[in-house]
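As structure tokens, the structure follows; a few thoughts come after it.
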DNA sequence: AAGTGATTGTCACCTTACATGACAATCACT
DNA sequence: AGTGATTGTCATGTAAGGTGACAATCACTT
């Protein structure tokens with residue numbers, strides 16, 4: 001211990017962002033856990049507020065996840081009483097997922113948890129610094145072609161998440177993750 | 001589509017950091033993949049440069065991961081020819097993990113990949129903005145009590161990663177996740 | 001020197017989560 | 001009516017991480 005002068009990667013943006021982001025994600029999940037909500041469930045619920053009655057397929061498309069994985073997620077949320085499945089009148093194959101009052105309350109509860117989480121992350125940063133950080137992150141998010149509010153982990157976990165710019169066809173993927 | 005004005009969480013620091021960080025992690029892994037290295041393997045290799053001859057337990061402690069998971073990781077890296085196990089003279093239970101020349105070359109290769117990755121993330125940001133972002137992230141990392149160069153995902157995945165500040169004893173964890 | 005507990009590396013088992021492919025029901029279109 | 005596509009669902013396989021136990025070795029005591 002007390003050995004190397006922190007390798008160069010440790011202060012690089014790719015690692016730093018991944019490191020801090022992973023922690024922020026853990027924090028996010030940990031703060032939501034007492035309410036019994038997973039981050040991805042909250043994503044669905046949040047996407048449901050205001051425009052209730054979207055089908056599972058529409059939700060899956062909006063969040064960038066596969067419809068198969070949406071089934072179990074809706075199951076849990078319906079069991080928790082946050083949403084309900086209603087047969088669509090236009091398309092009797094589809095279910096309209098409607099937010100229940102309890103679900104709306106939950107979204108409000110989670111939303112109320114965000115400011116304290118911000119405080120935990122911001123620490124001693126000045127309001128100006130905080131705003132600058134958010135602004136810079138939004139720019140980086142745009143550079144990385146991220147859709148606002150859509151978390152990359154909802155998509156395929158590690159499957160061709162980022163196409164290499166120079167490598168021709170990196171479909172080998174025999175490597176780990 | 002073209003529906004809600006991006007929910008408030010989407011521009012919050014917890015989500016934004018997690019979102020951008022997840023993408024950065026995917027990018028990091030994707031760029032390392034052509035070399036056949038996983039991010040965690042690189043973490044071990046990087047920790048080995050300069051102070052070669054650390055035992056698996058020391059490496060596990062340094063990176064915050066469990067020694068059981070280190071076994072397979074060292075297996076892969078030894079099979080790849082990046083490291084070799086040597087019986088420790090002081091402690092014949094332990095293996096000294098020594099970096100091979102090929103392993104040192106690999107670390108250099110990965111290090112050379114970082115600047116292009118930075119460019120992908122930085123985008124059109126000015127050098128001043130980039131430096132400001134790194135500086136702010138370092139401060140946030142310190143606030144979150146992150147050790148430089150140690151990625152949270154090497155530790156327990158989502159198990160009590162962040163102790164709640166207000167909740168007394170959240171070991172219930174009967175909730176999904 | 002022998003004994004006791006702790007430590008190191010290893011292995012086997014279990015659980016979880018994700019991806020894949022197939023299926024019945026329904027739609028859109030001919 | 002018929003054909004292909006779509007929606008939700010389910011069953012399967014696969015990969016990764018966590019847990020507990022084990023032989024070998026160490027550190028310490030008596």
For labels at residue A:79 and residue A:135 in the simple 7 Å Cα→Cβ model, what's the distance in nm? 4.7 nm
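Using a 10 Å cut-off on Cβ to Cβ distances, tally the other chain neighbours for every residue of A:34-41 and report the average as a whole number.
Details: counts 7, 1, 5, 3, 4, 6, 1, 2.
Per residue, the average neighbour count from other chains is 4.
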Please find, among residues of chain A, the one with the beta carbon closest to the rotation axis relating it to chain B, distance in whole Å. A:21, 1
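What order, most packed first, do the peptides B:27-36, B:129-138 have when packing is the mean number of other Cβ atoms within 10 Å of each residue? Could the numbers behind the result be given before it?
Details: B:27-36: 20.5, B:129-138: 17.9.
The densest-packed peptide leads the list: B:27-36, B:129-138.
Once you have the Cα-Cα distance between residue A:147 and residue A:11, take 0.36 nm times their residue separation minus that, and quote the gain in nm to one decimal.
On the way: separation 136, 0.36 × 136 = 48.96 nm, distance 2.61 nm.
My answer for the length gained is 46.4 nm.
Which whole number gives the average count of other chain Cβ atoms within 10 Å of the Cβ atoms across peptide A:139-150? Spell out each step's value before the answer.
Numbers: counts 7, 13, 6, 2, 9, 9, 1, 5, 3, 9, 10, 2.
The shielding value for this peptide is 6.
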Rule-of-thumb check for the stretch B:29-113: C-alpha Rg over 2.2 N^0.38 Å? 1.03
How far is residue B:61 from the same spot in each other copy, in nm, shortest first, if each label point sits 7 Å from Cα toward Cβ? 5.5
Using a basic spin-label model with each label point 7 Å from the Cα along Cα→Cβ, how many nm lie between residue A:52 and residue B:90? 6.6 nm
Contact order relative to length for the stretch A:15-147, counting C-alpha pairs under 8 Å separated by 6 or more residues, stands in percent at 22 percent
How far is residue A:79 from the same spot in each other copy, in nm, shortest first, if each label point sits 7 Å from Cα toward Cβ? 3.7
Label 7 Å beyond Cα on the Cβ vector: residue A:35 copy-to-copy distances, nm: 4.1
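Counting partner chain Cβ atoms within 10 Å of every residue's Cβ in A:120-130, what's the average?
Details: counts 6, 8, 5, 5, 3, 5, 0, 0, 0, 5, 3.
Mean number of neighbouring Cβ atoms from other chains: 4.
FYI, it's all coordinate maths here, none of it is from the lab. Please read these numbers as outputs of a predicted model, since none were measured by experiment. Quick reminder, even Gly has a Cβ in these numbers, built from the backbone with ideal geometry, and neighbours come from all protein chains shown.
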